[in-house]
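S.K.: Starting off with a structure, shown below.
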Amino acid sequence: MKRIDLDDLPPRIAQLLAGLEAGEELLLVQGGAVAGRVVGASPPQAEPEAEPLPQERAAEIFEQFRSAMEDEF
């Protein structure tokens, strides 16, 4: 994937790119022909936090770890 830092662009272009709504398209035109297309995306959503392990599962994992450590040393 290619990357463009908006701080490196002229302010008008940076504002245009940053202002794209989700699904909105921006055509890049050169010499009257379409040279590219940029589609706005929604901001990334925060990943939901993982649910804590049930006590039994946590105890099982700890026991496996302890057993592996004893076998190793």
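S.K.: Could you tell me the extents of the stretch 25-65's C-alpha atoms along the three principal axes, largest first, rounded to whole Å?
M.R.: In descending order, the Cα extents are 68, 18, 7 Å.
S.K.: Also: Could you derive backbone 3J(HN,Hα) for the stretch 20-31 from the dihedral phi with the Karplus parameters 6.51, -1.76 and 1.60 (θ = phi - 60°), listing whole Hz in sequence and x where the residue is Gly or Pro?
M.R.: Going residue by residue, I get 5, 7, 4, x, 6, 9, 10, 8, 9, 10, 9, x Hz, with x marking Gly and Pro.
S.K.: Once neighbouring chains are kept in place and the probe is 1.4 Å, which whole percent of the accessible area of the chain is contributed by carbon and sulfur?
M.R.: 55
S.K.: Then there's this: Using the heavy atoms of the protein chains alone and a 1.4 angstrom probe, what is the accessible area of the chain per residue in square angstrom?
M.R.: Numbers: 7190 Å² over 73 residues.
Value returned for the chain: 99 Å² of accessible area per residue.
S.K.: Another question about this same structure. Kindly give Rg over Rh for the chain, based on alpha-carbon atoms, with the Kirkwood expression for the hydrodynamic radius.
M.R.: Expressed as Rg/Rh, it is 1.43.
The values are calculated or read from the model by the stated rules, or taken from the named source; none is laboratory data. None of the values given here were measured: they were computed from a predicted structure. Accessible surface is based on the protein model in full, side chains and every heavy atom, while ligands, DNA and RNA are left aside. Shrake-Rupley method; radii C 1.70, N 1.55, O 1.52, S 1.80 Å.
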